[in-house]
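One structure below.
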Amino acid sequence: MSLQTKSTPIDYQIVTQQILENKMENLGKASIREIKKLIDDIEKASGEKFVRMEMGIPGLPPTKVGVDAEIEALKKGVASVYPDIFGIQPLKIETSRFVKLFLDIDVSPEGCIPTGGSTMGSFASFITIHKCNPLKYVSLLIDPGFPLHHQQLMVLGQRFESFDVYNYRGEKLKDKLDSILSKGNISCLLYSNPNNPSWICFTERELKIIGELCSKFDVIPIEDLAYFAMDFRRDMSKPGVPPYQPTVAKYTDTYILTISSSKAFSYAGQRTSMMIISDKLFNRRYPSLKNFYSTDIFGHSVIFGTIYAICAGVSHSAQYALAAIFKAANDGKLNFVEEVKEYGEKAKIMKKLFIDNGFKIVYDKDEDEPIADGFYFTFSYPGYTGEELLKELLYYGISAISLSITGSERLEGIRACVSLVQRSQFPDLEYRLKKFNADHKNF
Ligand SMILES: Cc1ncc(COP(=O)(O)O)c(C=O)c1O
């Protein structure tokens, strides 16, 4: 029986009509923002509220210490003054302390640079790294990944390769990476850890493989720590006390890290995050850089060449916010991990609701350990591709994104983001999933 003849939680005609009006013949290829607009339109037309899992917006209030510091900075008049491109001194100092206390690595304040979201950190990295060596003209994305990184490389017109890490966990990662990096044309590789969309977390063994191979083949890893310390299986909330957020920085000395304020500190709106360049990379000279910048020094080129060209610095007041947040965390006065644990707790309940109703978790293990409960999870339903499932779920008032836009090869999967789902919606979610299962299990 087709859905047309069933009563679905959201009116069949309305959903179909809105898909047509939004010209979304291929939902699976739609970007996150396109899906968001479609759901906004369906909600408006139907008067029904969706269980919205398509977009990774923080669902928590911003960290208060940041808001207070930012208000104070604004009152002092910083809004009228251009901030230095390399960042305000207190922020650089507190960031350097932060990476020591929460990652157990040493980076000089000089290499801690504010960017317009970590989005700009990766963009500035791709731009600069690409100019370091003409023989290294390909970036590698370890997927599944944040679709925007693919988009950045497309926009820049830079060549890139990617592979889905699903089949290459643990020791298998070594041969796979070796086979790609040994070609000699890879300049950098990027991955997020914890990973968006799958919430897998690389193990120390895997990070060691990545770091050592990057050193061997002179490749710069860009480690995207957008979900800093949010692998809630381990308590990484205490400054200077292990366990620390795992990082490739332990296994190579030439690296870039991006630390986003958006999720860990619920500060997405102010678009200010940090780019961390290791001391060795910061001071390294690449003769080719002189063709584009005033010097051949990497760090100098990133700041006074690339970031200057993109936006000449980032929000002055938000830098004070971030400096205050880092300081409070460093001084042990702010347990930022505790503040975002709610995501993991919601994910645990939601994953169970999906599994109890016939769904399967797609990326389910870190080597032999079950993955953590966190900001995202991936799921599938037997007999459906991710694209079909995404569309079908719209009639049940559930929205997500297809894994096919994340570089994943698990085309049966879709990604759910837990952040915007309220606990008060759990009964609705359960009802809709039960109904979905009842309507689909025999087909
Ligand atoms: C893996 C990853 N990197 C970067 C970002 C963007 O971070 P920011 O808001 O700091 O630009 C996101 C946001 O969803 C993300 O998931």
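Of the residues making up region 291-327, those that are among the hydrophobic types (A, V, I, L, M, F, W, C) and crowded, with 20+ Cβ neighbours inside 10 Å number 12. Looking at region 255-272, which of its residues are in contact with a strand residue (DSSP E or B) (Cβ under 6 Å, 6 or more places away or on another chain) and not aromatic (Phe, Trp, Tyr)? Hits for region 255-272 are ILE256, LEU257, THR258, ILE259, SER260, SER261, THR272. Those residues that are of a type in the set (Asp, Glu) and under 16 Å from SER399 (Cβ atoms), I need them from region 33-73; list them, please. Correct list: GLU34, ASP40, ASP41, GLU43, GLU48, GLU54. Inside region 131-173, residues that are of a type in the set (Ser, Thr, Tyr) and more than 16 Å from the ligand (Cβ to nearest atom) make up a count of 3.
Scanning region 189-218 for residues that are assigned to a loop (DSSP other than H, G, I, E, B) and more than 21 Å from the chain's Cα centre (by Cα) gives a single hit, ASP218. When you look at GLU392, is it part of a helix (DSSP H, G or I), in contact with a Leu (Cβ under 9 Å, 6 or more places away or on another chain), within 24 Å of PHE163 (Cα to Cα) and not basic (Lys, Arg), yes or no? Taking the combined requirement at face value, the residue does not satisfy it. Residues of region 255-276 that are more than 10 Å from the ligand (Cβ to nearest atom) and either part of a helix (DSSP H, G or I) or among the hydroxyl-bearing types (Ser, Thr, Tyr) (or both): TYR255, SER266. The set of residues from region 219-254 being within 16 Å of the ligand (Cβ to nearest atom) and within 18 Å of GLU339 (Cα to Cα) comprises LEU225, ALA226, TYR227, PHE228, ALA229, MET230, ASP231, GLN245. Out of the residues in region 100-124 meeting the condition of being among the β-branched types (Val, Ile, Thr) and within 16 Å of the ligand (Cβ to nearest atom), tell me which one is surrounded by the fewest Cβ atoms within 10 Å (Cβ to Cβ). Filtering region 100-124 for residues that are among the β-branched types (Val, Ile, Thr) and within 16 Å of the ligand (Cβ to nearest atom), the one surrounded by the fewest Cβ atoms within 10 Å (Cβ to Cβ) comes out as THR119.
May I ask you to say which residue of ARG432, ARG410 is in contact (Cβ under 8 Å) with a residue 12 or more places away in the chain and not in a helix (DSSP H, G or I)? On inspection, the qualifying residue turns out to be ARG410. Going by the conditions given, is LYS176 within 28 Å of GLY56 (Cβ to Cβ), surrounded by fewer than 21 Cβ atoms within 10 Å (Cβ to Cβ) and either within 16 Å of the ligand (Cβ to nearest atom) or without any contact (Cβ under 8 Å) to a residue 24 or more places away in the chain (or both)? Yes; evaluated as a whole, the condition is true for this residue. If you go through region 67-99 and keep only what is surrounded by fewer than 19 Cβ atoms within 10 Å (Cβ to Cβ) and small (Gly, Ala, Ser), you end up with GLY77, ALA79, SER80. Exactly one residue out of ASP428, ASP439 is in contact with a Leu (Cβ under 9 Å, 6 or more places away or on another chain) and either acidic (Asp, Glu) or not assigned by TED's automatic domain parsing to the domain that holds ILE39 (or both): that is ASP439. Taking every residue in region 220-245 that is without any contact (Cβ under 8 Å) to a residue 40 or more places away in the chain and pairing it with any residue that is within 14 Å of the ligand (Cβ to nearest atom) and of a type in the set (Phe, Trp, Tyr), at least 6 positions away or on another chain, the pairs with Cβ-Cβ distances below 9 Å are PRO221/TYR191; GLU223/TYR191. Exactly one residue out of LEU135, LEU91 is among the hydrophobic types (A, V, I, L, M, F, W, C) and within 25 Å of the chain's Cα centre (by Cα): that is LEU91.
The values are calculated or read from the model by the stated rules, or taken from the named source; none is laboratory data. As the structure is a prediction and not an experimental result, all values here were calculated from the model. Here Cβ is always computed from backbone atoms with ideal geometry, including for glycine, and neighbour counts include all displayed protein chains.
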